[in-house]
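Novice: Structure provided below as structure tokens; questions to follow.
The values are calculated or read from the model by the stated rules, or taken from the named source; none is laboratory data. Quick caveat: nothing in here was measured; it's all calculated off a predicted structure. Cβ coordinates were reconstructed from backbone atoms using ideal geometry, including for glycine residues, and neighbour counts include every protein chain displayed.
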Amino acid sequence: MSSEWIARDQKRVWHGFTQMATFADLAPIVVDRGEGAYLIDVEQKRYLDAISSLWVTTIGHNNNEINEAIIAQLNKISHSTLLGNSNVVTVELSEELAKVVPVIEPHFLYASDGAAAVEQALKIAFQYWTNIKNFQKTKFLTLGEAYHGDTIGSLSLGDSGFGTEIFNPLRFKTLKTPGYNTNNWLYRAILELEANYNELAALVIEPLVQGASGMYMALPEQVKELVKVAQGLGVIVIADEVATGFGRTGKLFASDMCDINPDMMCLGKGLTGGYLPMSTTVVSNRIYEAFLGPDRSEKTFYHGHSFSGNAVCAAAAKKHLEILLRDKIVGNVPKLAEHLKNELELKVKNLEFVADIRQTGLMVGIELHSSTDVGKRGRAVCIRSVNDGVLLRPLGDVIVLMPHLNFADENITQTVDVLAEAIRKSK
Ligand SMILES: Cc1ncc(COP(=O)(O)O)c(C=O)c1O
């Protein structure tokens, strides 16, 4: 029974971004297994995973080929350290990733979560300038409404919000310029770059879509212009593609969509198809080379995680990338996104509480008019949708849709039908 599992859970498990005192009241599902587009709970009820399990799942749950690749790797070795040593499958994965990432002559530093990939990127950018004896460039330019993760470094690059203001005293200061939600954001970002480039170690952006803040979107040509100005002024560009990477926007990376070559890139979430925790900081050769020097010298990057380059994760990631490319899955995203757009226009756009619909590829935010109690409507709509078999989770009063890249058209239709009904009933 779900209720028994929820009671057992509540006694011992602490869920992130969740008020545990009310956890049980908000209709959590307790998943027993997954099957393609669906999650199946302990009572055998099926739910469409319309948020890709918090934006990680790309080609569905329980994929046979990824499962087999994981099992095959388990039967060889699960983990051996990457600090000073290596393993076969991580080398192979890096070679395959190198063929597709937009970073020039890339090198890959692995970690487990998106936040850790961002943390690595900011430390690499900082040390890069020290290594080439420029001690002035120590600051970061970041965007309003940005989200880069929850460790102190990544939290510092992000804007406050989601209750994280409490940590403000722990955040280090960054230069901030308005995010994609502000009309003249590009103009103002360029002004900041021009005024401060001498002191800037890096510009950090979520290319095209600021996801966690509520799905705010930029145009590809705007991002391209920003990156051109930054790189022209000698500012390192870090593209945080933890959310946008691996097909979500309609190309393999949002950077491809914007036609940019970031100096560094952060990947996570979909790297393993959402099967296992693996992230990576992708670094251009120009930056990487500044870290080369004598053994034990101060040029070395003194940072590394225990599970960096975990072999089982790497095997899953390698197989996932192989499937994406072989089956041309990302090529299907624009068509599926168009279907989703049409469905939303037809069934959701004109509903009473809908304020705005924002979409890039398969990343969608549906902003509802807030009631006096901000976030309450978003929560109510999602609880009703879950009850009707579509798993959703809101960002305040913004309902996020993030279908798997290989949802069937019917899965999209079901998602929108259930959502529309939930909004209609959300008085
Ligand atoms: C753009 C971006 N960066 C970083 C992160 C943090 O990733 P993780 O939750 O794996 O630490 C997220 C998570 O949503 C994200 O959207």
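Novice: Yes or no: segment 162-171 includes at least one residue that is within 16 Å of the ligand (Cβ to nearest atom), in contact with a Gly (Cβ under 6 Å, 6 or more places away or on another chain), more than 19 Å from L219 (Cβ to Cβ) and outside any helix (DSSP H, G or I). Explain how you work it out, then say what you get.
Specialist: Kept after step one, since they are within 16 Å of the ligand (Cβ to nearest atom), are these residues of segment 162-171: 162-164, 167, 171.
Those left that are additionally in contact with a Gly (Cβ under 6 Å, 6 or more places away or on another chain): none.
Looking through segment 162-171, none of the residues is within 16 Å of the ligand (Cβ to nearest atom), in contact with a Gly (Cβ under 6 Å, 6 or more places away or on another chain), more than 19 Å from L219 (Cβ to Cβ) and outside any helix (DSSP H, G or I).
Novice: Looking at segment 151-169, can you tell me whether even one residue there is over 30 Å from S112 (Cα atoms) and free of Cβ contacts under 8 Å to residues at least 24 places away in the same chain? Explain how you work it out, then say what you get.
Specialist: Step one: filter segment 151-169 for residues over 30 Å from S112 (Cα atoms), giving none.
No: zero hits.
Novice: Return the pair list, or none, for Cβ contacts closer than 6 Å from residues in segment 60-82 that are over 15 Å from A314 (Cβ atoms) to residues that are of a type in the set (D, E, K, R) and loosely packed, with under 14 Cβ neighbours inside 10 Å, at least 6 apart or on different chains.
Specialist: The qualifying pairs are N62/E35.
Novice: Answer yes if at least one residue in segment 334-356 is surrounded by fewer than 17 Cβ atoms within 10 Å (Cβ to Cβ), under 25 Å from the mean Cα position of the chain (by Cα) and closer than 24 Å to M265 by Cβ, and no otherwise.
Specialist: Taking every residue of segment 334-356 in turn, at least one turns out to be surrounded by fewer than 17 Cβ atoms within 10 Å (Cβ to Cβ), under 25 Å from the mean Cα position of the chain (by Cα) and closer than 24 Å to M265 by Cβ.
Novice: Is there any pair with a first residue in segment 96-111 that is among the aromatic types (F, W, Y) and a second that is in a loop (DSSP other than H, G, I, E, B) whose Cβ atoms are under 8 Å apart and which are 6 or more apart or on different chains, and what are they?
Specialist: Y110/L82; Y110/M278; Y110/H305; Y110/S308; Y110/G309; Y110/N310
Novice: Just to be sure, is S154 at pLDDT below 95 and of a type in the set (G, A, S)? Write out each step before concluding.
Specialist: Details: at pLDDT below 95: no; of a type in the set (G, A, S): yes.
No: the conditions fail for S154.
Novice: Now a separate question. Out of T177, T142, T138, I need the residue that is in contact (Cβ under 8 Å) with a residue 40 or more places away in the chain, in contact with a strand residue (DSSP E or B) (Cβ under 7 Å, 6 or more places away or on another chain) and more than 23 Å from L267 (Cα to Cα). Which one?
Specialist: Working: T177 fails: in contact (Cβ under 8 Å) with a residue 40 or more places away in the chain; T142 fails: more than 23 Å from L267 (Cα to Cα).
Of the residues listed, the single one that is in contact (Cβ under 8 Å) with a residue 40 or more places away in the chain, in contact with a strand residue (DSSP E or B) (Cβ under 7 Å, 6 or more places away or on another chain) and more than 23 Å from L267 (Cα to Cα) is T138.
Novice: Would segment 238-258 turn up any residue that is free of Cβ contacts under 8 Å to residues at least 12 places away in the same chain, on the phi < 0 side of the Ramachandran plot and aliphatic (A, V, I, L, M)?
Specialist: no
Novice: Filter segment 102-123 down to the residues that are hydrophobic (A, V, I, L, M, F, W, C) and within 16 Å of the ligand (Cβ to nearest atom) and list them by number. Write out each step before concluding.
Specialist: Here is the first cut: in segment 102-123, the residues hydrophobic (A, V, I, L, M, F, W, C) are 103-104, 108-109, 111, 115-118, 121-122.
Residues satisfying the conditions are L109, A111, A115, A116, A117, V118, A121, L122.
Novice: Output yes when any residue across segment 28-44 is assigned to a helix (DSSP H, G or I), of a type outside the set (S, T, N, Q) and surrounded by 15 or more Cβ atoms within 10 Å (Cβ to Cβ), and no when none is. Steps first, answer last, please.
Specialist: Quick first cut of segment 28-44, residues assigned to a helix (DSSP H, G or I) only: none.
No, segment 28-44 has no match at all.
Novice: Under 20 Å from the mean Cα position of the chain (by Cα) and either away from the ligand (no atom under 15 Å from the Cβ) or small (G, A, S) (or both): which single residue out of S279, S284, S297 fits that description? Before the answer, list the steps.
Specialist: Working: S284 fails: under 20 Å from the mean Cα position of the chain (by Cα); S297 fails: under 20 Å from the mean Cα position of the chain (by Cα).
Step by step, each of S279, S284, S297 is checked, and only S279 is under 20 Å from the mean Cα position of the chain (by Cα) and either away from the ligand (no atom under 15 Å from the Cβ) or small (G, A, S) (or both).
Novice: Among the residues of segment 94-118, what is the count of those that are aliphatic (A, V, I, L, M) and not in a helix (DSSP H, G or I)?
Specialist: Total satisfying the criteria: 6.
Novice: Moving on. What's the number of the condition I190 fails, among (1) among the β-branched types (V, I, T); (2) more than 16 Å from the ligand (Cβ to nearest atom); (3) over 18 Å from A125 (Cα atoms); (4) surrounded by 21 or more Cβ atoms within 10 Å (Cβ to Cβ)?
Specialist: Looking at each condition in turn, I190 falls short on (4).
Novice: Still on this structure, please answer the following. Taking T182 as the residue in question, decide whether it is on the phi < 0 side of the Ramachandran plot, crowded, with 23+ Cβ neighbours inside 10 Å, assigned to a loop (DSSP other than H, G, I, E, B) and not aliphatic (A, V, I, L, M). Break it down into steps so the answer makes sense when it comes.
Specialist: Values: on the phi < 0 side of the Ramachandran plot: yes; crowded, with 23+ Cβ neighbours inside 10 Å: no; assigned to a loop (DSSP other than H, G, I, E, B): yes; not aliphatic (A, V, I, L, M): yes.
Taking the combined requirement at face value, the residue does not satisfy it.
Novice: Within segment 63-95, can you find the residues that are farther than 25 Å from F407 by Cβ and of a type in the set (D, E, K, R)? Break it down stepwise before answering.
Specialist: Narrowing segment 63-95 to residues farther than 25 Å from F407 by Cβ: 71-95.
Selection gives K76, E92, E95.
Novice: Being at pLDDT 95 or above and surrounded by 13 or more Cβ atoms within 10 Å (Cβ to Cβ) narrows it down to one of V13, V103, so name that one.
Specialist: On the way: V13 fails: surrounded by 13 or more Cβ atoms within 10 Å (Cβ to Cβ).
The conditions single out V103.
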